[in-house]
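Undergrad: First the structure, then my questions, so here it is.
The values are calculated or read from the model by the stated rules, or taken from the named source; none is laboratory data. Fair warning: this is a prediction, and the values are worked out from it, not measured in the lab. Here the Cβ positions follow ideal geometry from the backbone for every residue, glycine too, while neighbour counts run over all protein chains shown.
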Amino acid sequence: MRLNTSSRRRALALAFVPALLAILSWSWAPAQVTVSGALPSSSTRIEENDPSVIYTGMWGSISRSDLSGGSVKESEDLVGTATLAFSGTGVSWISYTAPFNGIAQVYLDGTLNATVDTYAPTEHAQAVVYTVSGLAAGPHTLTIKITGTWNPSGCCAWIVVDAFDVTS
């Protein structure tokens with residue numbers, strides 16, 4: 001049986017598939033090494049009821065299945081703060097955004113770092129509302145302070161703490 005030109009090309013291509021796969025697998029191997037000396041980081045979730053989170057003022061608890069760990073702490077107490085002592089190079093505050101949520105000040109190691117508006121026109125569970133990275137490795141504190149203020153589109157000053165993700 002005689003092969004036509006198209007069949008010969010396919011047969012020739014199939015003969016080289018093992019060699020091509022070997023070359024491709026060898027050439028992709030360097031892509032698995034760390035680029036630019038960057039070290040992979042890991043993140044640890046700390047729930048709002050962890051002993052490393054200290055609250056001042058009046059905070060209430062709410063339990064729901066869509067929340068991290070199944071619950072949150074919330075307050076609109078003007079003297080209310082939530083302080084997390086952590087060791088790492090970064091941290092994220094996980095909250096709950098909603099029309100009835102307010103504005104908080106975020107302090108990092110005692111210095112005002114951000115003002116965060118947790119208002120949203122619709123409710124969102126497990127919302128990341130603040131993140132900082134690139135900190136010197138070691139101990140830090142993150143303090144969330146209730147301001148009693150809110151977005152003009154909102155109605156209330158509730159601040160919610162659901163969890164924190166600490167990067168090491």
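Undergrad: Name the residue, out of 85, 114, that is among the aliphatic types (A, V, I, L, M) and closer than 19 Å to residue 43 by Cβ. If you could, list the steps in order and put the result at the bottom.
TA: Numbers: 114 fails: closer than 19 Å to residue 43 by Cβ.
85 is the lone residue from the list that is among the aliphatic types (A, V, I, L, M) and closer than 19 Å to residue 43 by Cβ.
Undergrad: Here's a follow-up. Taking the residues in the range 131-142 that are in a strand (DSSP E or B) and surrounded by fewer than 21 Cβ atoms within 10 Å (Cβ to Cβ) as candidates, determine which candidate is nearest to the chain's Cα centre (by Cα).
TA: Among residues in the range 131-142 that are in a strand (DSSP E or B) and surrounded by fewer than 21 Cβ atoms within 10 Å (Cβ to Cβ), the one nearest to the chain's Cα centre (by Cα) is 131.
Undergrad: What are the residues in the range 143-168 that are outside any strand (DSSP E or B) and surrounded by fewer than 22 Cβ atoms within 10 Å (Cβ to Cβ), if any? Don't jump to the end; show me each part of the working.
TA: Step one: list which residues in the range 143-168 are outside any strand (DSSP E or B), which gives 150-157, 162, 168.
Scanning the range 143-168 gives 150, 151, 152, 153, 154, 155, 156, 168.
Undergrad: Under 9 Å by Cβ, and 6 or more places apart or on different chains, what pairs join a residue from the range 53-72 that is assigned by TED's automatic domain parsing to the domain that holds residue 124 and farther than 20 Å from residue 148 by Cα with one that is of a type in the set (Lys, Arg) and in a loop (DSSP other than H, G, I, E, B)?
TA: Short answer, once both residue conditions are applied: 70/64; 71/64.
Undergrad: Please tell me if residue 111 is touching a residue at least 24 places away in the same chain (Cβ under 8 Å) and either within 16 Å of the chain's Cα centre (by Cα) or under 21 Å from residue 148 (Cα atoms) (or both).
TA: no
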